[in-house]
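Working notes, beginning with the structure itself.
Computed from the coordinates by the stated procedures, all read-outs in this text should not be read as laboratory data. The structure presented is a predicted model; accordingly, all values stated were derived computationally and were not measured. Backbone-built Cβ (ideal geometry, glycine too); neighbour counts: all protein chains shown.
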Amino acid sequence: MNNMGVGMAITGCGSAAPESILTNDHLAQMVDTSDEWINIRTGMKNRHIASPSESLSQLSAVAAKGAIAMAGISPTDIDLIILATSTPDDLFGSACRIQGLIGATNAVAFDLTAACSGFLFALITASQFISTGMYHNVLVIGADVLSRWVDWSDRTSCILFGDGAGAVVCQGVKDNRLLSFGMYSNGSQNDSLNLNYHGNGKPLVDNLTVQHGSYNPITMNGKEVYRFAVAKVPEAISKTMFQANLTADDIDWLLLHQANQRIMDAVAKRLNIAQSKILSNIAEYGNTSAASIPLALDAAVRDGRVKPGDIIAASGFGAGLTWGSAIFKWG
Ligand code: UT7
């Protein structure tokens, strides 16, 4: 909390996922893999995949409306919209389209890209605008449609990703409920996970040449990212627990980016947090990148597992490499 005395509370959440489901058995028809291998190595069974007529903006708008309704405010009360995504419908950004779709006419809106850490980074960014007193009601959305950028012939990565959107409403309050946070980057490992632009030279005029191309499909060194996550995520959460003067026993729920069930289990074990406190929806949604944390949160809030006042330790990690942690009291 800053010296103006403005804290932050997360007062509503919502989510949306496409209807079409891609199962492990479907994937086994496409590449040399099996339901058993995928389930044992990742914990995944299904992923929801956007059809050509479904957009990231539409999914995000549904999630946003759910969060706004739960918070008990109206779209016109929103001051700021931050859309965390790596897969916007429009490279100029999709936050403004969402602002239009939900009628948040008083909000300024922009995109933020930090891959699978995006939602967490956006949440922390929202807290900064709230703590300075600049904005009171901030809508944070994490959404990705990575299925657009998957190499469907690469069995080491195509089994992992699904599509979805999740959102939360953050509000300025006296009693600060964002207890601590930390954000980190390591560009020296940037090559581990990429969705790179690739352009060929296109002669323009005289001696001038421009790049003309598109984005290559996702490439990932799975083992390297796995090792990074298992090392850095517990470290980041330990730091935020220390800053918040909390121990592992104080944590009610562990809310991690849903990249691999084995990563979540290993992080919980290192932190001495019971496996039963892990909020996981990985079996149903796979890795939905920036959407995974708010999707898992929304399900747990709506089915009554997460209750007002529960202490949640969240952590996102992924391409960049980026990672971060935030501890907050729900509601
Ligand atoms: O959201 C961004 C963050 N991303 C992540 O956190 C991903 C982190 N990485 C992972 O989750 C895991 O590394 C994977 C799930 C991607 C892979 O699991 P792994 O236990 O690290 O497997 P591996 O890469 O060590 O591969 C083991 C074997 C290899 O065969 P050989 O060389 O031992 O003969 C692979 O070729 O499994 C093979 N393999 C597969 N077999 C069946 C790799 N992918 C598959 C597959 N089906 N889909």
**Q.** Total residues in segment 306-331, condition among the aliphatic types (A, V, I, L, M) and within 16 Å of the ligand (Cβ to nearest atom)
**A.** 3
Q. Are any residues in segment 306-331 outside any loop (DSSP other than H, G, I, E, B) and either of a type in the set (F, W, Y) or surrounded by fewer than 19 Cβ atoms within 10 Å (Cβ to Cβ) (or both), and if so, which ones?
A. I311, F317, W323, F328, K329, W330
Q. Can you name the residue in segment 135-162 that is in contact with an Asp or Glu (Cβ under 8 Å, 6 or more places away or on another chain) and in a loop (DSSP other than H, G, I, E, B) and is also farthest from G66 (Cα to Cα) among such residues?
A. R155
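Suppose we filter segment 270-305 for residues that are acidic (D, E) and surrounded by fewer than 20 Cβ atoms within 10 Å (Cβ to Cβ); how many remain?
Initial filter on segment 270-305 (acidic (D, E)): 284, 298, 303.
Still in the running and surrounded by fewer than 20 Cβ atoms within 10 Å (Cβ to Cβ): 284, 303.
Adding up the residues that qualify gives 2.
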Q: Look at D250 and say whether it is among the acidic types (D, E) and closer than 29 Å to A50 by Cα.
A: no
Q: Please specify each residue of segment 282-305 satisfying the condition of being assigned to a helix (DSSP H, G or I) and more than 16 Å from the ligand (Cβ to nearest atom).
A: E284, L297, D298, A299, A300, V301, R302
(Q) Within segment 108-131, does at least one residue satisfy the condition of being closer than 22 Å to A9 by Cβ and either among the basic types (K, R) or part of a loop (DSSP other than H, G, I, E, B) (or both)? (A) no
Q. Which one of these is touching a Cys at 6+ places or on another chain (Cβ under 9 Å) and more than 16 Å from the ligand (Cβ to nearest atom): A67, A16, A61?
A. A67
Q: Among the numbered conditions (1) away from the ligand (no atom under 16 Å from the Cβ); (2) part of a strand (DSSP E or B), tell me where C96 comes up short.
A: (2)
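Tell me, yes or no, whether segment 194-211 has at least one residue that is under 29 Å from R47 (Cβ atoms) and in contact with a Pro (Cβ under 8 Å, 6 or more places away or on another chain). Break it down stepwise before answering.
Within segment 194-211, the first condition is being under 29 Å from R47 (Cβ atoms), and the residues that meet it are 194-198.
Cutting the leftovers down to in contact with a Pro (Cβ under 8 Å, 6 or more places away or on another chain) gives us 195.
Checking segment 194-211: at least one residue is under 29 Å from R47 (Cβ atoms) and in contact with a Pro (Cβ under 8 Å, 6 or more places away or on another chain).
Is it the case that G142 is within 15 Å of the ligand (Cβ to nearest atom), within 21 Å of K223 (Cα to Cα) and surrounded by 14 or more Cβ atoms within 10 Å (Cβ to Cβ)?
Numbers: within 15 Å of the ligand (Cβ to nearest atom): yes; within 21 Å of K223 (Cα to Cα): no; surrounded by 14 or more Cβ atoms within 10 Å (Cβ to Cβ): yes.
Answer is no for this residue.
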Q) Within the set of pairs 6+ apart or on separate chains, which have a first residue in segment 188-214 that is within 25 Å of S157 (Cβ to Cβ), a second that is loosely packed, with under 10 Cβ neighbours inside 10 Å and not aromatic (F, W, Y), and C-beta atoms under 6 Å apart? A) G213/H198; G213/N200
Q | Scope segment 13-38; condition farther than 25 Å from G142 by Cα and either without any contact (Cβ under 8 Å) to a residue 60 or more places away in the chain or of a type in the set (D, E, K, R) (or both); matching residues | A | D25, H26, A28, Q29, D32, S34, D35, E36, W37
Q: Write out, first by first residue and then by second, each pair whose Cβ atoms fall under 9 Å of each other, whose residues are 6+ apart or on separate chains, and whose first residue, in segment 263-278, is without any contact (Cβ under 8 Å) to a residue 24 or more places away in the chain while the second is surrounded by fewer than 20 Cβ atoms within 10 Å (Cβ to Cβ) and among the basic types (K, R).
A: A268/K277; Q275/K269
